[in-house]
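This report concerns only the one structure given below.
Coordinate-derived values only; no laboratory data. Because the structure is a prediction, the values reported are computed rather than measured. Backbone-built Cβ (ideal geometry, glycine too); neighbour counts: all protein chains shown.
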Amino acid sequence: MPQVAVVQYPGSNCDLDALEVLQKIVRVKTDLVWHKQLTHDNYDGYILPGGFSYGDYLRAGAIAAHSPSLKIVREAAKAGKPVLGICNGFQILVEANLLPGAVLRNANLRFICKWINLRVDNNKTPFTRKMKMGQLLRVPIAHNEGRYYLEPEQIQTLEKNGQVVLRYADNKGDTTMDANPNGSLENIAGICNPDHNVMGLMPHPERASQSELSPYNNAEGRLIFDSMIETIRERNEGRR
Amino acid sequence: MVLKTRNQYRTVEVIIQNKPLARDPEGETIHRNLVLKGGYDLVTGVRAGKLLRMTVQAESGQEAENIVRRLCDDLRIYNPVAHSCEVRIVGKEDRITE
């Protein structure tokens, strides 16, 4: 039976939302683990939730990236286990160098909290396998530093490896400038590592996983968690 | 017997800013809405950044600078993908400690 850890940092504030979705909606055994208590790689998958770890001091995610928990997460990633970073969790993974690039301050210098469309640009990853290519997911964003940046020449490598997983798009699925809320390079909202088992995204799928909590009566966010858990089940069966 | 040691405390500044290719909306806004509107047309650009001032116990300015430079790289004080990081000595201070 899959077992997942939601890693809690000082300043995490979306940890309980992720926990609830996994336990009550996806129905998978999930522990909330304080980052200093994550000392063994005993779980099948890890989620780094959103929030403001260490007050976002120095840079969002920069201090949490030195938490001993990242050593465990790094081992898990190396072993091929799925690791998902949401919002601040994405920033932590970038600062820990588990994902490439940087997540900078929003282009409009404001905290943005709104619902956006995500377009699935790679549905072969452990986090998107239950989606269709080009499918739109309606999920909210809530961040001040969400502007994904990578040196332009490296974007091509990312693209070639299928590492650009999710992009901000309009209702027709076009990645227009208007659909880009924070000035991210090439509308990038979510990326993964070259092995595809570590993904980070700025939007909050855990806030779009129960239709009764969505103004659009949708729950497409849960596809990310469903995909992740399906991947874990498959991995566990393969080991038997 | 109390041993008195003479320590030199050096002040080292670390300046972190976005690389030229990574846009800096804060600097752009200060430039456009404050500097240019205030009539300072000769100022053609503003980059905003972050300043860390560190006090380091070291024998020489060079040693202090080397320590800080190393820690900036080791601890990823800046994100090398998006930021440049400048380290410079700004002063020294003598203190007697017992």
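If you take each beta carbon of peptide B:20-26 and count the beta carbons of other chains within 10 angstrom, what is the mean? Partner Cβ neighbours, averaged per residue: 4.
Evaluate the relative contact order of chain A (contact order divided by residue number), counting alpha-carbon pairs under 8 angstrom at least 6 apart; express in whole percent.
20 percent.
Mind running the shape call on the protein assembly as shown? Use the C-alpha gyration tensor, a ≥ b ≥ c as the square roots of the eigenvalues: rounded below 1.5 for a/c, prolate if a/b tops b/c, oblate otherwise. Because a/c hits 1.5 or more and a/b fails to exceed b/c, the protein assembly as shown counts as oblate. Mean separation of Cα pairs under 8 Å and 6 or more residues apart, divided by the residue count, gives the range A:137-240 a relative contact order of 27 percent. Each peptide among B:33-40, A:199-206 gets the average number of other Cβ atoms lying within 10 Å of its residues, and from highest to lowest they stand as A:199-206, B:33-40.
Ordered by the count of other Cβ atoms within 10 Å of each Cβ, fewest first, A:121, A:170, B:73, B:41 give B:41, B:73, A:170, A:121.
Inter-part distance, the range A:141-181 to the range A:4-36, computed on C-alpha centroids, equals 26 Å.
Give the relative contact order (percent, whole number) for chain B; include only Cα pairs under 8 Å separated by 6+ residues.
Numbers: 149 pairs, mean separation 52.2, N = 98.
For chain B, the relative contact order is 53 percent.
Phi-derived couplings, Karplus 6.51 cos²θ - 1.76 cosθ + 1.60 at θ = phi - 60°, listed residue by residue for the range A:221-233: x, 5, 4, 5, 5, 4, 4, 4, 6, 4, 4, 5, 4 Hz, with x used for Gly and Pro. Taking every residue in B:10-18 and counting other chain Cβ atoms within 10 Å of its Cβ, the average works out to 1.
Cβ crowding within 10 Å, taken as a proxy for footprinting-reagent exposure, orders A:83, B:56 from fewest neighbours to most as B:56, A:83. Remark: the residue B:74-residue B:21 segment gains 16.7 nm on full extension, using 0.36 nm per residue and subtracting the alpha carbon distance. Backbone N atoms of the range A:56-91 closer than 16 Å to the 7 Å Cα→Cβ label point of residue A:108 are not found in any residue. Per-residue mean of foreign Cβ neighbours for A:137-150 is 1 (Cβ atoms of other chains, 10 Å radius). For chain B, the mean residue ellipticity at 222 nm estimated from helices alone is -6000 deg cm²/dmol, where every DSSP H run of n ≥ 4 contributes -39500 (n - 2.57) and the total is divided by all residues, rounded to the nearest 500.
Classify chain B as rounded, prolate or oblate from the Cα gyration tensor: take a ≥ b ≥ c as the square roots of its eigenvalues, call it rounded if a/c is under 1.5, otherwise prolate when a/b beats b/c and oblate if not. Prolate, because a/c is 1.5 or more and a/b exceeds b/c. Backbone amide hydrogens, once placed in the peptide plane, bring residue A:139 within less than 5 Å of A:116, A:118, excluding anything fewer than 5 places away on its chain.
Here the sum of -39500 (n - 2.57) over DSSP H runs of 4 or more residues, divided by the residues of chain A, equals -6500 deg cm²/dmol at 222 nm, to the nearest 500. Taking other C-beta atoms within 10 angstrom as a stand-in for reagent exposure, A:131, A:228 fall in the order A:131, A:228, fewest first.
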